Every structure is written in C-alpha cells, then in structure tokens.
Amino acid sequence: MRTLAEVRAALAAGLGFPGDLGRMDAEVAEALERAPYDDLREMSEVIAAYPGHVLARCEPGFEGALAEGLGLTRRLKEA
C-alpha cells in the first residue's frame, strides 16, 4: 500500500480493525482542519499509521495471539 486510495480500499474491504476506515477519515479531516496549507505532516502521519493495522490483521497467527493476550488479561483481572 503506497497511496491513500490503496489504504482506504484495504480498510473498506475489512482488512483493518473494526471502524478503521471511518476513524482514519475523521482523523485525516481533523488534521487537515488544523494544518497550514504548506505543512501536511500531521495528515501524512495519520495515514501512515493505518497500513500497519492491515498488515497486523493479515499476519498469520494474529487472531490467535490476540485471543491469547485477551485470555491472559482476563485471568489477571480475575486473580
């Protein structure tokens, strides 16, 4: 994923975390509202964070590792 369109397409296909597409769009819009026209770094940083969500969700073993971590957290809270 090298473009905003590619990131948005991956998120729209459900390859990120639930709600990622809407969250990213909202964060980009907020960054654009704050940014001067000659400094769009904040917007770029927002966009750059989301390919990692897609890569994590597509990683073999991610769901199992997540379930294991949630189980551990649950057990620690019960102790």
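Considering the options 13, 43, 29, tell which one lies farthest towards the positive end of the dipole of the chain, charges being +1 on Lys and Arg and -1 on Asp and Glu at the Cβ, about the Cα centre. My answer, from the dipole projection, is 13. Out of the total accessible area of segment 38-79 (probe 1.4 Å, heavy atoms of protein only), what percent is carbon and sulfur? Carbon-and-sulfur percentage of accessible area, whole number: 60. Each residue of segment 12-18 was assigned a 3J(HN,Hα) from its phi angle through the Karplus curve 6.51 cos²θ - 1.76 cosθ + 1.60 (θ = phi - 60°); the sequence is 5, 7, x, 7, x, 8, x Hz, with glycine and proline shown as x. Among the trypsin sites (Lys or Arg not before Pro) in the chain, those placed in a DSSP loop whose Cβ has at most 15 other Cβ atoms within 10 Å are 2.
Converting phi to 3J(HN,Hα) with the Karplus coefficients 6.51, -1.76 and 1.60 and the offset θ = phi - 60°, segment 3-8 yields 10, 4, 4, 5, 5, 4 Hz in sequence order, with x at every glycine or proline. Does segment 39-79 classify as rounded, prolate or oblate by the C-alpha gyration tensor (a ≥ b ≥ c root eigenvalues; a/c under 1.5 gives rounded; else a/b over b/c gives prolate, otherwise oblate)? Here segment 39-79 falls in the oblate category.
The convex hull defined by the C-alpha atoms of the chain has an orientation-averaged projected area of 6.7 nm². Rolling a 1.4 Å probe across the protein heavy atoms gives the chain an accessible surface of 72 Å² per residue. Extension gain, residue 48-residue 33: 0.36 nm per intervening residue step, less the Cα-Cα distance, totals 3.6 nm. Label-to-label distance for residue 73 and residue 59 is 1.6 nm, based on points extended 7 Å past Cα in the beta-carbon direction. Under the convention that each Lys and Arg Cβ holds +1 and each Asp and Glu Cβ holds -1, the size of the dipole of the chain around its Cα centre is about 360 debye. Normalising the average separation of contacting C-alpha pairs (under 8 angstrom, six or more residues apart) by the number of residues puts the relative contact order of the chain at 32 percent.
The values are calculated or read from the model by the stated rules, or taken from the named source; none is laboratory data. Predicted model, so just to flag it, every value in this text is computed and none were measured. As a convention, Cβ positions derive from the backbone with ideal geometry for all residues, glycine included, and neighbour counts pool all protein chains shown. Quick note on the areas: whole protein, heavy atoms, side chains included, nothing else; ligands and nucleic acids left out. Shrake-Rupley method; radii C 1.70, N 1.55, O 1.52, S 1.80 Å.
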